[in-house]
């Protein structure tokens, strides 16, 4: 018998009670029944995201929500700066180009984070920039940036700040109102503990003034003005994934029962434990500015990422993620989001040790588990 264990950084494991909730009999979506779920889900999202701004629920992945934000916040005459330090930062620049927007794409070394100083310098050199888009937690490199500091810079310069928080919302400290983040973009399938299919946006009044003035935006399904109009009635302009919305209410209730400060502390402990364990058994942590929602480790010499991931899944049912694009074959990633706790993390590290030992890596068996246990004992 082998139990399946999902440690990918998305989709992430979903609590059984959420799955059961979505399996219950349902009604038509144009009813008070559904509007009740929308109202409750929106209110709980505001709590989880720590915002008083309008929150929209989009049927589509986080990429759909990001596309809606990029189109809506960049009318004719605007100029968007995208900071690209990984696969997803690149995606936002590609979307802007696809729609013919005026975009400045600034690459940073993969595994390093954009800094407030960098953003300040780029804005100083090009005052025509009207908006900045950054990735709070770049999943492809397991790297997090100082979003609070970047928000201070963009706010002082009078620019819009759009933030991809798809693997930070619900996992890392995030306070968009206090940090001057004008658009928070996230999705269901990461720390919010749902299957894929919903995207979320928290939008400031500053950003809404731009979006409402952008009446000729090249969007129909992903038109934020339409979405906001219907959201005021706890409804959606098009057919919603209403069972996911129902599951969302349950998933957010679980997070809020713990409290976001507690959730953030637990995720940080699991990430620190994994990094410490990796180093204790001779594995290098890839990122120079590690995210707590996902850890990227480099395999030891002589062992390929493909073989290691296959061994983890074959022997222990543990599904991990590999690297993407230029990092393919160079790193493997373990997620700390969703329905996972500190004991799951210790289990994954123990399995990693067993697989590495069988594959010929030389290290002290149990060193990783011991290091992880020590971090968890200190932090939780």
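The values are calculated or read from the model by the stated rules, or taken from the named source; none is laboratory data. None of the values given here were measured: they were computed from a predicted structure. Note: ideal-geometry Cβ built from the backbone for every residue, glycine included; neighbour counts use all protein chains shown.
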| field | All positions within the stretch 135-152 that are assigned to a helix (DSSP H, G or I) and either crowded, with 23+ Cβ neighbours inside 10 Å or touching a strand residue (DSSP E or B) at 6+ places or on another chain (Cβ under 7 Å) (or both) | value | 147, 150, 151
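Restricting to the stretch 155-178, name every residue that is over 14 Å from the mean Cα position of the chain (by Cα), buried (at least 24 other Cβ atoms within 10 Å of the Cβ) and within 18 Å of residue 137 (Cα to Cα).
If the condition is that a residue be over 14 Å from the mean Cα position of the chain (by Cα), buried (at least 24 other Cβ atoms within 10 Å of the Cβ) and within 18 Å of residue 137 (Cα to Cα), then 161, 176 are the ones that fit.
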| remark: In the stretch 293-315, residues that are touching a strand residue (DSSP E or B) at 6+ places or on another chain (Cβ under 7 Å), crowded, with 18+ Cβ neighbours inside 10 Å and in contact (Cβ under 8 Å) with a residue 24 or more places away in the chain total 9
| message | assigned by TED's automatic domain parsing to the domain that holds residue 355 and at positive phi: is that true of residue 323 in this structure? | response | no
| message | So, in the stretch 14-32, exactly how many residues are crowded, with 18+ Cβ neighbours inside 10 Å and assigned to a loop (DSSP other than H, G, I, E, B)? | response | 2
| Restricting attention to the stretch 179-193, which residues are more than 13 Å from the chain's Cα centre (by Cα) and either in contact (Cβ under 8 Å) with a residue 40 or more places away in the chain or in a loop (DSSP other than H, G, I, E, B) (or both)? | 180, 181, 182, 183
| message | Take the conditions surrounded by fewer than 23 Cβ atoms within 10 Å (Cβ to Cβ), over 17 Å from the mean Cα position of the chain (by Cα) and part of a helix (DSSP H, G or I) and apply them to residue 94. Does it pass? | response | yes
| query | Quick one: what pairs do we get from the stretch 254-267, first residue outside any helix (DSSP H, G or I), second modelled with pLDDT of 95 or more and surrounded by 18 or more Cβ atoms within 10 Å (Cβ to Cβ), C-beta under 7 Å, 6+ apart or different chains? | reply | none
| remark: Going through the stretch 1-13 in order, the residues found to be surrounded by 11 or more Cβ atoms within 10 Å (Cβ to Cβ) and either out of contact with any strand residue (DSSP E or B) (no Cβ under 7 Å at 6 or more places or on another chain) or at positive phi (or both) are 10, 11
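Does residue 201 fit the bill of being under 20 Å from the mean Cα position of the chain (by Cα), outside any helix (DSSP H, G or I), crowded, with 16+ Cβ neighbours inside 10 Å and without any contact (Cβ under 8 Å) to a residue 40 or more places away in the chain?
Considered against the rule, which asks whether it is under 20 Å from the mean Cα position of the chain (by Cα), outside any helix (DSSP H, G or I), crowded, with 16+ Cβ neighbours inside 10 Å and without any contact (Cβ under 8 Å) to a residue 40 or more places away in the chain, residue 201 comes out as no.
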